[in-house]
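Attaching a single structure in structure tokens format; questions to follow.
The values are calculated or read from the model by the stated rules, or taken from the named source; none is laboratory data. This one's a predicted model, so the numbers in the text were calculated from it and none came from an experiment. Quick reminder, even Gly has a Cβ in these numbers, built from the backbone with ideal geometry, and neighbours come from all protein chains shown.
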Amino acid sequence: MKQEKTDILIIGLGLAGMTAAITAAGTGKKVTIITKTKNLSSGSTPWAQGGIVYKGLNDSTEKLKNDILKAGADHCWEEAVDHLCKHGPRLVKKFLIDTLGAEFDKKEGSLSRVSEGAHSEPRVIYKEDQTGQSIHQAALARLQQLDNVKILVDHTAIDLLTFSHHSTASTDIYKKPACFGAMVLDNKNDQVVAMHASKTILASGGIGQLFLHTTNPKEATGDGVAMAWRAGARCFNLHYIQFHPTALYHPSGRFLISEALRGEGAKLINSQGLEFMKNYDSRGALAPRDIVSRSIHTEMLKDETDCMFLDISHKEAEWVFKRFPTIYKHCLSKGIDITKEPVPIVPAAHYSCGGVGVNLVGKTSLKRLYAVGEVACSGVHGANRLASTSLLECLVWGYFAGKDALESKDDDNYFPPLASWKQGKGLIDKAQIAQEWYTIKSTMWNFAGLIRSQSKLHAAMNILRNLQSEVEQVYQSSKLDKNIISLRNGAQTALAIIASGIESRESRGTHYVEGR
Ligand SMILES: Cc1cc2nc3c(=O)[nH]c(=O)nc-3n(C[C@H](O)[C@H](O)[C@H](O)COP(=O)(O)OP(=O)(O)OC[C@H]3O[C@@H](n4cnc5c(N)ncnc54)[C@H](O)[C@@H]3O)c2cc1C
């Protein structure tokens, strides 16, 4: 088995991982950052449309804090919210704009700001409807200039290396649990590499692909939570998953259709062309995200249809094109002209508020392991997320974790002896992988999705426990590839979400339980 060594290993090339890498590289330490995708553009970061929270012209730390606490349904960790509000806007200016040179739209020389749902001030800055793309490119360009940072594409982390799981020195089991790197698959040649690291930073993004419908990219299969769970790091709030009401329903996949369309008067209609939202909430199509999502879901079940529709065709075509260029072009490329016809939409899993539990500098309960960005649970989002705070969280926790990984010692020089990797010989059946994924996605959608109950969650648990056992057998006996690694992680994280939902005794925020 090949073995490599680095000072700081970062798993994930989104905003959180890149911010940590740029910060940690500051003093010349050797930093390695990996992504399982073939391309450098990966994760949800480049997909972010709306923007990132900065500060409004009449804004204050207190106002932002109150908005976050309110959205979080009385479940946020106040210290984490204070940390975000204090450092977030400062880092947007100092790190994103001044250091990375990320571009944002301006009006008469100053940054344009917009308000979004549940924000009391216009404080969100943006670059057209491609904010994530602009930020991702700027961070990547900076990273590529740093000689001490090695970027590895097409490398999938399999598991975190820990004293208790991987050391062949039997008495290491008595040491305080710690992580000393990760076992990684080089997807190009299917070779397993043990990457030793003094510190490891998990920045592997979200979990959207565990659900039938999601706005997230293909790589969002919950790998980070699964790896941390197996390694024994504490994870929490996993059952708080935010669903977006309107994703394009098309065989080629889902695509986020921004809330701004409804803000501009787009109507939500059923297959008979009738508006239905007023039957559920007096605010109609502009009710909060979770209410609109559940109403669409209920209407789909009632009508026995696969989607509902969003209609903005009553507006002037020229205006629609100018206001929503990306959405217009994307839908047109799928054969739907939004200026002439309604868009088929479904609600879709969008953001994981829970994850691997961390403190204010991203440290997990496992020594030498950090988690940042969507994979982590910093406590900022509580039971529901305020729009455009996730990129901000990536920035703040990425920055502080990168800094702490440099400065804190944490006995980080011990690297135990490792047993070499035993490769199975069996061949993986792609049809089986597709079938198992379908089971995970439909089970999570129907039993652990928008509307839950204890009995549905228990049914999901039964189905997925059996599935996990089958997947584990295939994983143990087959020649490893990236698909079985993702499936194994997907099964594990799905079960962790269900367990978290069953343990919760209440209906709160995004965790909506019938009859509670
Ligand atoms: C369509 C859409 C629109 C959004 N709009 C906004 C918005 O306007 N404002 C906002 O604040 N937030 C928005 N969000 C949320 C926000 O984009 C994400 O929460 C954030 O980008 C997550 O960043 P991250 O760095 O944690 O992870 P990501 O950007 O998701 O990156 C994860 C990285 O981990 C890698 N990875 C995963 N597993 C492995 C593994 N096993 N081995 C190696 N690498 C691995 C991936 O390849 C990827 O490089 C949006 C999300 C979506 C999907």
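With the checklist (1) within 17 Å of Gly88 (Cβ to Cβ); (2) assigned to a helix (DSSP H, G or I) in hand, flag the one item Ser388 doesn't pass.
Status for Ser388: all satisfied but (2).
Tally up the residues in the range 282-339 that are in a helix (DSSP H, G or I) and over 30 Å from Ala71 (Cβ atoms), please. Talk me through it step by step, then tell me what you get.
Taking the range 282-339 and keeping what is in a helix (DSSP H, G or I), we get 284-286, 289-303, 317-323, 325-333.
Imposing the further condition that a residue be over 30 Å from Ala71 (Cβ atoms) reduces the set to 303, 317-319, 321-322, 329, 332-333.
Matching residues across the range 282-339 total 9.
Take the conditions buried (at least 18 other Cβ atoms within 10 Å of the Cβ) and either out of contact with any His (no Cβ under 9 Å at 6 or more places or on another chain) or among the β-branched types (Val, Ile, Thr) (or both) and apply them to Phe211. Does it pass?
On the way: buried (at least 18 other Cβ atoms within 10 Å of the Cβ): yes; either out of contact with any His (no Cβ under 9 Å at 6 or more places or on another chain) or among the β-branched types (Val, Ile, Thr) (or both): yes.
Taking the combined requirement at face value, the residue satisfies it.
Per-residue answers, yes or no, for (1) outside the structural domain of Tyr399 (by TED's automatic domain parsing); (2) at pLDDT 95 or above:
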| site | (1), (2) |
| --- | --- |
| Val320 | yes, no |
| Thr326 | yes, no |
| Leu332 | yes, yes |
| Lys363 | no, yes |
| Lys367 | no, yes |
| Val375 | no, yes |
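Being under 23 Å from Gly449 (Cβ atoms), more than 25 Å from the chain's Cα centre (by Cα) and either within 12 Å of the ligand (Cβ to nearest atom) or hydrophobic (A, V, I, L, M, F, W, C) (or both): is that true of Ile241 here? Before the answer, list the steps.
On the way: under 23 Å from Gly449 (Cβ atoms): yes; more than 25 Å from the chain's Cα centre (by Cα): no; either within 12 Å of the ligand (Cβ to nearest atom) or hydrophobic (A, V, I, L, M, F, W, C) (or both): yes.
No; evaluated as a whole, the condition is false for this residue.
Of the residues Arg465, Arg452, only one is of a type in the set (Lys, Arg) and surrounded by fewer than 18 Cβ atoms within 10 Å (Cβ to Cβ); which? Break it down into steps so the answer makes sense when it comes.
Details: Arg452 fails: surrounded by fewer than 18 Cβ atoms within 10 Å (Cβ to Cβ).
Unique residue meeting the criteria: Arg465.
Quick check on the range 22-44. Is at least one of its residues part of a loop (DSSP other than H, G, I, E, B), in contact with a Ser or Thr (Cβ under 7 Å, 6 or more places away or on another chain), more than 22 Å from Glu116 (Cα to Cα) and more than 13 Å from the ligand (Cβ to nearest atom)?
yes
Moving to a separate point now. Search the range 382-397 for residues that are within 15 Å of Ala21 (Cα to Cα) and of a type outside the set (Asp, Glu) and pair each with any residue that is in a loop (DSSP other than H, G, I, E, B) and more than 9 Å from the ligand (Cβ to nearest atom) when their beta-carbon atoms are under 8 Å apart and the residues are at least 6 apart or on different chains.
Cβ pairs passing all conditions: Trp397/Val358; Trp397/Val361; Trp397/Gly362; Trp397/Ser378.
Considering the range 201-217 alone, what residues qualify as being closer than 30 Å to Asp410 by Cβ and more than 12 Å from the ligand (Cβ to nearest atom)?
none
Could you check, for the range 361-375, whether at least one of its residues is in contact with a Ser or Thr (Cβ under 8 Å, 6 or more places away or on another chain), in a helix (DSSP H, G or I) and away from the ligand (no atom under 14 Å from the Cβ)?
No: the range 361-375 contains no residue that is in contact with a Ser or Thr (Cβ under 8 Å, 6 or more places away or on another chain), in a helix (DSSP H, G or I) and away from the ligand (no atom under 14 Å from the Cβ).
Also, I was wondering about something else. Hey, can you tell me all the residues within the range 199-253 that are acidic (Asp, Glu) and in contact with a strand residue (DSSP E or B) (Cβ under 7 Å, 6 or more places away or on another chain)?
Of everything in the range 199-253, just one residue is acidic (Asp, Glu) and in contact with a strand residue (DSSP E or B) (Cβ under 7 Å, 6 or more places away or on another chain), namely Asp223.
What residue, among those in the range 401-415 that are surrounded by fewer than 24 Cβ atoms within 10 Å (Cβ to Cβ) and in contact with a Gly (Cβ under 9 Å, 6 or more places away or on another chain), is modelled with the lowest pLDDT?
Initially, the range 401-415 is screened for residues surrounded by fewer than 24 Cβ atoms within 10 Å (Cβ to Cβ), giving 403-404, 406-415.
Narrowing further to those that are in contact with a Gly (Cβ under 9 Å, 6 or more places away or on another chain): 403-404, 406, 415.
Numbers: Lys403: 97, Asp404: 97, Leu406: 92, Phe415: 96.
Restricting to residues being surrounded by fewer than 24 Cβ atoms within 10 Å (Cβ to Cβ) and in contact with a Gly (Cβ under 9 Å, 6 or more places away or on another chain), the top hit is Leu406.
Now for a different question. How about the range 45-58: which of its residues are more than 9 Å from the ligand (Cβ to nearest atom) and not hydrophobic (A, V, I, L, M, F, W, C)? Break it down stepwise before answering.
Of the residues in the range 45-58, the ones more than 9 Å from the ligand (Cβ to nearest atom) are 54-58.
Scanning the range 45-58 gives Tyr54, Lys55, Gly56, Asn58.
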